[in-house]
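Novice: Below are the structure tokens for one structure; questions will follow.
Each value in this text was obtained by applying a stated rule to the coordinates, not by laboratory testing. The model shown is predicted, which means the values in this text are computed figures rather than measured ones. Neighbour counts run over all protein chains shown; Cβ positions are idealised from the backbone, glycine included.
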Amino acid sequence: MDVEQVFHMTGGIGHRSYAQNSSLQKKASEMVKDMTLETVQELYLTTAPKSLGIADLGCSSGPNTLSIMKEIIEVVQGTSRKAFHAAPEFRVYLNDLPTNDFNSIFKSLPEFSKDLNKEMNNGGSPSIYIGGYPGSFYGRLFPNSSLHFVYSSYSLHWLSRVPPAIYSEEGKSINKGSVYISESSPPVVAEAYLKQFKEDFTLFLQSRSEELLSGGRMVLILLGRSGPDHVDRGNSFFWELLYQSLAILVSKGEVEKEKLDSYDVHFYAPSKDELEDAVRKEGSFQLDRLEMFELERDHHKDNQSYATSVAMTVRAIQESMIGQHFGEEILDSLFENYRRLVGEEIAKEDIKPTTFGIVLRKL
Ligand SMILES: C[S@@+](CC[C@H](N)C(=O)[O-])C[C@H]1O[C@@H](n2cnc3c(N)ncnc32)[C@H](O)[C@@H]1O
């Protein structure tokens, strides 16, 4: 399950403000899709390659994995028809960590082709070559100058590791009392997280700059924060509630306090300035567009089913790491605590995580 299934995104504070266009009342998930398709269309019209290389980094596996690729292929086919160009062939590169269930994606490919061909009934079947590329996107994945377009959604806020600087020489975390940056974290914790983000994001940009052709584009969608403060009622609050859920298990004697003290997440929510700064310093890309969206809770859901969806989302992402660190036997009671705390909190006031959508152009 992805974040968008739990939240709706609204607003938009960026180079172009969607908040002011709210007469359209579009969901921001649609705005992100529009941003992606507009970028692909413009790229295709200006380059019109015979063979278009597109990559989805952190593609995950599930019913929605190929849906953005389908939309991209359809938009390029439609644009080429209107421009009286022969449609290009599509090289689709799907990336995620090696533990991802690539087999389930591959099994869904016949259905994917059938769907595409059905919708292209008068436009001819596109030639599509799809491959899985397991590995970390914090490093090279694809051959030199092989890509025109890179897409990555809700993956780049995951760091390559917990910042090593938050551990003492004896290997103890100095971030006791939280699993991410919180009010009680010493200032060096936020500095260490930012340093790790800069290192990872720079490596990501460097690697993509070698794989993308000049003029190629990237659309990156990631969680972030709306201002300079690390602690807000957005992304950091969900980690605060995870800490509280673990602390309940400590108070019941089901988890050792030392285990909780040494657990930290490899996540970072950058600010707009930090993102812009990292892009400028790395130097291979021009920032064409940056939009900031506030994820609002889905008001079609009542508080309880909303809290259950949040708990399921966080569990899907954290379960293997928490299981390894604390033991799998705590997972059910931990996420039951978490579901309850999220429910209690949203009954008081909404929790509104921030998302960034950015468009980068390879120089
Ligand atoms: C929340 S899912 C997003 C899935 C999908 N892109 C979406 O928008 O619904 C994040 C994905 O990023 C992947 N991921 C995290 N770190 C990664 C890395 N360093 N390299 C490649 N994939 C990574 C995870 O394995 C996971 O499948």
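Novice: Taking the Cα-to-Cβ direction at GLU256 and at LYS107 and moving 7 Å from each Cα, how far apart do the two end points lie in nm?
Specialist: So the label points at GLU256 and LYS107 sit 3.9 nm apart.
Novice: While we're on this one: Grab the Cα-Cα distance for GLU344 and LYS118, subtract it from 0.36 nm times how many residues apart they are, and report the gain in nm with one decimal. Could the numbers behind the result be given before it?
Specialist: On the way: separation 226, 0.36 × 226 = 81.36 nm, distance 4.67 nm.
Going from the current span to full extension adds 76.7 nm.
Novice: How far, in nm, would the chain grow between MET321 and LEU213 when pulled straight, counting 0.36 nm per residue and subtracting the alpha carbon separation?
Specialist: Values: separation 108, 0.36 × 108 = 38.88 nm, distance 3.65 nm.
Full extension from MET321 to LEU213 adds 35.2 nm.
Novice: Where in region 199-239 does the amide nitrogen come within less than 15 Å of the point 7 Å from the Cα of HIS85, taken along Cα to Cβ?
Specialist: Hits in region 199-239 for HIS85 at 15 Å: 213-217.
Novice: Now, a different point. Taking a 31 Å limit on the Cα-Cα distance, which of the listed pairs LYS50/LYS362; LYS50/LYS195; LYS172/LYS195 fall beyond it?
Specialist: LYS50/LYS195
Novice: When the Cα centres of region 263-288 and region 145-159 are compared, how far apart do they sit, in Å?
Specialist: One Cα centre to the other: 13 Å.
Novice: Pop the C-beta distance of GLU38 and LYS301 into the FRET formula with R0 = 45 Å and round what comes out to the nearest 0.05.
Specialist: That pair, GLU38 with LYS301, gives E of 0.90.
Novice: Quote the Stokes-Einstein diffusion coefficient, in whole µm² s⁻¹, for the chain, based on the Kirkwood radius over alpha carbon pairs, a temperature of 4 °C and a viscosity of 1.567 mPa s. If you can, show how the numbers build up before the last one.
Specialist: Values: Rh = 21.7 Å.
The diffusion coefficient I find is 60 µm²/s.
Novice: How many angstrom lie between the Cα centre of region 65-113 and the Cα centre of region 335-361?
Specialist: That distance is 31 Å.
Novice: What length, rounded to one decimal in nm, is gained on full extension from ILE174 through to LEU287, with 0.36 nm per residue of separation minus their alpha-carbon distance?
Specialist: Here the segment from ILE174 to LEU287 would lengthen by 37.1 nm.
Novice: Let me ask you something else. Mind giving me the FRET efficiency for SER67 and SER125? R0 is 22 Å, r the Cβ-Cβ distance, nearest 0.05 is fine.
Specialist: According to the calculation, E is roughly 0.75.
Novice: Write down, largest first, the equivalent ellipsoid semi-axes of region 247-363 in whole Å, where each equals the square root of 5 times an eigenvalue of the alpha-carbon gyration tensor.
Specialist: 34, 21, 11
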